[in-house]
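*Asks:* Supplied in structure tokens, the structure appears directly below.
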Amino acid sequence: MQRILIDTDPGVDDALALFLALKSPELRVEAITSVSGNVHVEQATQNVLTILGVLELDEVPIVAKGEAQPLVKPLVTAAHVHGEDGLGNISTLRNADGSPRYLPADTEISSTPGVALILEMARHYPDELVVVALGPLTNIAKAIRTDPVSMRRLRNIVVMGGAFEEYGNVTTTAEFNIFVDPHAAQDVFNFGVPVHIAPLDATNQVVLTGERLHAEIAGRRDSVSQFLKDSTVACMEFYRQHVWSRRSLQANIETDGIHIHDALPIGILTHPAYFESVDAYVQVETEGNLTNGMTIADLREEPQPQHPKARVCVKVEAETFLTHFFERIR
Ligand code: BDR
Ligand code: CA
């Protein structure tokens with residue numbers, strides 16, 4: 001069993017990652033910290049509670065509110081992808097009697113701020129705790145700046161972020177989580193605790209098509225299936241209009257669906273055999289105008305011994321992973 005803390009900015013794919021993590025017996029989710037990214041941290045924290053509400057857990061992990069602003073840059077959000085509320089606008093849905101369809105879990109948000117909770121957990125589980133970062137790396141970088149000694153005792157940091165031999169999804173060169181807070185990402189990648197990165201190069205290999213989703217949840221009346229159906233509508237439409245129309249021109253493929261980026265780090269922890277990774281020295285461009293937030297690594301060469309090494313996931317058995325995902329979240 002691996003003890004993990006999930007740092008997240010929900011986000012539809014963050015929700016899928018939380019479902020997968022909380023339904024993986026290999027993992028024990030000790031805490032969840034929120035951060036500004038897809039939506040502002042206030043909304044992100046509410047979304048964590050809504051996601052936990054969907055799961056109807058007996059034992060709810062500690063939830064703490066993290067940082068509202070990136071280290072240096074002004075915040076950029078992604079409501080155009082994930083909906084105004086970050087979860088495909090499910091907050092507007094009502095039952096027949098007019099009550100909200102989705103209610104938050106019955107739990108209090110911790111009075112400890114997110115960064116302090118990360119440090120508390122790192123001290124409480126030295127050499128054991130894995131941090132899974134599914135949003136901008138602001139909270140993790142602040143925890144490193146506050147108490148590097150405690151943070152050195154993390155076992156590993158698994159990050160969804162970056163794009164190496166693939167176009168970015170915010171700019172040509174930058175992936176969203178790194179683009180929002182490149183200074184934080186640079187700090188985390190240079191810190192020296194082992195980092196395993198799931199960049200767009202890997203996450204773009206997994207496509208959850210509308211057809212697949214509907215086949216998987218057809219006839220099911222459970223709350224997770226209902227959530228999957230409701231929360232993905234806006235994202236599917238965004239991808240149809242802005243992602244597949246362009247990619248089909250480049251690659252001559254016709255498809256639809258969404259990527260479930262944030263679910264991959266969870267799979268990397270529980271089923272590493274589904275993934276191929278290489279060692280690399282990863283740097284982040286924090287200054288560039290056209291290249292701000294770009295992740296840079298030479299994936300062809302072994303990194304120099306004096307450099308901090310990251311593992312970069314380059315390949316995933318996409319179909320195996322998707323099948324596993326649906327088996328687990330049922
Ligand atoms: C990442 O950005 C966010 O929009 C997603 O939740 C994911 O973490 C993908 O670039
Ligand atoms: Ca995310």
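The values are calculated or read from the model by the stated rules, or taken from the named source; none is laboratory data. Computed from a predicted model, the values in this text were never measured in an experiment. Methodologically, a virtual Cβ is constructed for each residue, glycine included, from the backbone with ideal geometry; neighbour enumeration extends over all protein chains shown. Keep in mind that these areas ignore ligands, DNA and RNA; they rest on the heavy atoms of the full protein, side chains included. Shrake-Rupley method; radii C 1.70, N 1.55, O 1.52, S 1.80 Å.
*Asks:* Quick one: is ILE4 surrounded by 15 or more Cβ atoms within 10 Å (Cβ to Cβ) and in a strand (DSSP E or B)?
*Replies:* yes
*Asks:* Out of ASN38, ASN89, I need the residue that is in contact with a Gly (Cβ under 8 Å, 6 or more places away or on another chain), within 12 Å of ligand 1 (Cβ to nearest atom) and not aliphatic (A, V, I, L, M). Which one?
*Replies:* ASN38
Each row is one residue, and each column tells you yes or no for (1) surrounded by 22 or more Cβ atoms within 10 Å (Cβ to Cβ); (2) at negative phi; (3) outside any helix (DSSP H, G or I).
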| residue | (1), (2), (3) |
| --- | --- |
| THR33 | yes, yes, yes |
| ALA44 | yes, yes, no |
| ASN47 | yes, yes, no |
| GLY53 | no, yes, no |
| ASP58 | no, yes, yes |
| GLY66 | yes, yes, yes |
| PRO74 | no, yes, yes |
| HIS80 | no, yes, no |
| LEU87 | yes, yes, yes |
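*Asks:* Given the residues SER277, SER245, which is the only one that is of a type in the set (S, T, N, Q), open to solvent by less than 60 Å² (accessible area, probe 1.4 Å) and either out of contact with any Cys (no Cβ under 9 Å at 6 or more places or on another chain) or in a loop (DSSP other than H, G, I, E, B) (or both)?
*Replies:* Within the list SER277, SER245, the selection yields SER245.
*Asks:* Would you mind telling me which numbered condition in (1) open to solvent by 10 Å² or more (accessible area, probe 1.4 Å); (2) on the phi > 0 side of the Ramachandran plot; (3) within 12 Å of ligand 2 (Cβ to nearest atom); (4) of a type outside the set (A, V, I, L, M) ASP13 fails?
*Replies:* (2)
*Asks:* If the requirement is being open to solvent by 10 Å² or more (accessible area, probe 1.4 Å), within 16 Å of ligand 2 (Cβ to nearest atom) and within 29 Å of VAL243 (Cα to Cα), which of these qualifies: PHE179, PHE189?
*Replies:* Details: PHE189 fails: within 16 Å of ligand 2 (Cβ to nearest atom).
Every option except PHE179 fails the conditions.
*Asks:* Shifting gears a bit: Could we say that VAL29 is within 15 Å of ligand 1 (Cβ to nearest atom), without any contact (Cβ under 8 Å) to a residue 60 or more places away in the chain and either over 11 Å from the mean Cα position of the chain (by Cα) or open to solvent by 10 Å² or more (accessible area, probe 1.4 Å) (or both) here?
*Replies:* It is false that VAL29 is within 15 Å of ligand 1 (Cβ to nearest atom), without any contact (Cβ under 8 Å) to a residue 60 or more places away in the chain and either over 11 Å from the mean Cα position of the chain (by Cα) or open to solvent by 10 Å² or more (accessible area, probe 1.4 Å) (or both).
*Asks:* Next up: Please determine whether any residue of the stretch 88-111 is under 30 Å from THR295 (Cβ atoms) and within 17 Å of the chain's Cα centre (by Cα).
*Replies:* Residues of the stretch 88-111 under 30 Å from THR295 (Cβ atoms): 88.
Cutting the leftovers down to within 17 Å of the chain's Cα centre (by Cα) gives us 88.
For the stretch 88-111, residues under 30 Å from THR295 (Cβ atoms) and within 17 Å of the chain's Cα centre (by Cα): present.
*Asks:* Scan the stretch 151-170 and tell me whether some residue there is more than 19 Å from the chain's Cα centre (by Cα), buried (at least 24 other Cβ atoms within 10 Å of the Cβ) and either within 12 Å of ligand 1 (Cβ to nearest atom) or within 17 Å of VAL72 (Cβ to Cβ) (or both).
*Replies:* Looking through the stretch 151-170, none of the residues is more than 19 Å from the chain's Cα centre (by Cα), buried (at least 24 other Cβ atoms within 10 Å of the Cβ) and either within 12 Å of ligand 1 (Cβ to nearest atom) or within 17 Å of VAL72 (Cβ to Cβ) (or both).
*Asks:* Still on this structure, please answer the following. Going by the conditions given, is LEU264 at pLDDT 95 or above, out of contact with any helix residue (DSSP H, G or I) (no Cβ under 6 Å at 6 or more places or on another chain), under 28 Å from SER223 (Cα atoms) and hydrophobic (A, V, I, L, M, F, W, C)?
*Replies:* Numbers: at pLDDT 95 or above: yes; out of contact with any helix residue (DSSP H, G or I) (no Cβ under 6 Å at 6 or more places or on another chain): no; under 28 Å from SER223 (Cα atoms): yes; hydrophobic (A, V, I, L, M, F, W, C): yes.
Taking the combined requirement at face value, the residue does not satisfy it.
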